[in-house]
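What follows is a single structure, written as structure tokens, with notes after it.
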Amino acid sequence: MCMLLAALVAAPLSRAQTPDATFELSAGTEEAGVGYGWASGMLYYRDESYPFRLDGLSVIDMDVPLEAGGVVYHLGSLADLDGTYAEVEVDPALAGAGFTAAIENEHGVLIGLRSATQGLLFQPSLIGVQIELVGTPQS
């Protein structure tokens, strides 16, 4: 029973799942002593584009703008994207496809992170990554 509960709480990002949405990260800044951190992104969900704000995600030892993005799973409703995300395990098959980190929020939304920059290591904050939708859909 305990093993089943643990599997439900922190399910690893798996290649077998079909993503509900994709996203791109942008508008980042250099963070002294940490590297490069993002402040916003664009979610592509059900043929619409939605801007979002994020806080608490950076990359280690990089101080230049980087292209990054990924996939979103278990997004039953757009409102479920908002929340605090914690780091979870990345399935080895997805790690081979360039995913270097995964985060999950209290609604069960799972995000896989990757970058065109090979070897990039994402660093989620220990207090969590905050994501919040802002504005209206963009065409």
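Nothing in this text is a laboratory measurement; each read-out follows from the coordinates by a stated rule. Bear in mind that the values here come from a model prediction, so they are computed numbers and not experimental data. Here the Cβ positions follow ideal geometry from the backbone for every residue, glycine too, while neighbour counts run over all protein chains shown.
What the table below lists for this structure:
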{"quantity": "Highest-first arrangement of 46-57, 97-108, where packing means the average Cβ count within 10 Å", "calculated": "97-108, 46-57"}
{"quantity": "Potential extension, Ala79-Gln130 segment - 0.36 nm per residue separation minus Cα distance", "calculated": "17.0 nm"}
{"quantity": "Computed E for Arg53/Ala93 - FRET, C-beta separation, R0 41 angstrom, nearest 0.05", "calculated": "0.85"}
